[in-house]
Amino acid sequence: MNRRKALKRTGLLAGATVMAPSLFSLFQACKEEKRVDWQPEFFTQDEAVTIASLLDTILPRTQTPGALDVKADIFIDKVIAHTYDEEGQKSMRADIATFNQQSNKAYGSNFADLNNENKIAFLKEQEANSGKFNPGIWGTTVGDQQPIGFYRSMKSMAIWAYTTSEEIGENVLSYDPVPGVYEPCKPLSEVGNKWSL
């Protein structure tokens, strides 16, 4: 399955359809950041390199922009800096360190230093050993959500940051800045791409 189909099936993550105004300002701030001059607000330089490498492996540039092209790593840094409490931030640092320890144990290097083949193999192992998101109804999780782990959490954030970026919203997903008439009964085959909000 290619990335475009996977994104269509994944859809917008829970909560991404109803965004707080403060998160819109984070999107705008990311758009204006220059990657050369970027100084993370939360991540250390080493952590930022790990996250950038992880996002680039999950969503690399193909015929469409990759996660780093839309500055998903910068957005995630800002989200953690501005919305995570102290305990959540400590947990994130510990999770990144553990992720790199696991990479070192399995392949002899931190994740960012692995070759592409080993990165993909390592992420397949992480995927197989990660918890799953419970299904949700109207933004509410059904049942008790078990821990999903760092990898799946970061993958979820990467897809959220990617699909809600302006570049992807306007140029990859279907986008109509001035919606037309309301069509309550339209065959799914005529809808096409998932629509950008």
If R152, R61 are placed from fewest to most neighbouring beta carbons inside 10 Å, the sequence is R61, R152
Length gained if A106 through S189 is fully extended, taking 0.36 nm per residue and subtracting the Cα-Cα distance, is 25.4 nm
Taking every other residue with Cβ under 11 Å from the Cβ of E127 and scoring Lys and Arg +1, Asp and Glu -1, one gets +3
So D176 and T83, fully extended at 0.36 nm per residue minus their Cα-Cα distance, gain in nm 30.4 nm
Taking a crude spin-label model, label points 7 Å out from Cα along the C-beta direction, the T44 to E117 distance in nm is 3.1
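Report, to one decimal in Å, the Kirkwood hydrodynamic radius for region 116-197 based on all distinct Cα pairs. Provide the component values of the computation, followed by the final result.
On the way: mean 1/r = 0.0625 Å⁻¹.
Computed over region 116-197, the radius equals 16.0 Å.
Sort K194, K186 so that the residue with the fewest other Cβ atoms within 10 Å of its own Cβ comes first and the one with the most comes last. Walk me through the numbers before you get to the answer.
Values: K194 16, K186 9.
Sorted ascending by nearby Cβ count, the order is K186, K194.
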Violations at 27 Å Cα threshold for listed pairs K90/K132; K132/K194; K124/K186; K119/K194; K71/K119; K132/K186 -> K124/K186; K119/K194; K132/K186
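Bear in mind that the values in this text are calculations on the coordinates, not laboratory data. Values in this document were obtained by computation on a predicted structure and should not be read as measured data. In this analysis, Cβ positions are derived from the backbone assuming ideal geometry, glycine residues included, and neighbour counts consider all displayed protein chains.
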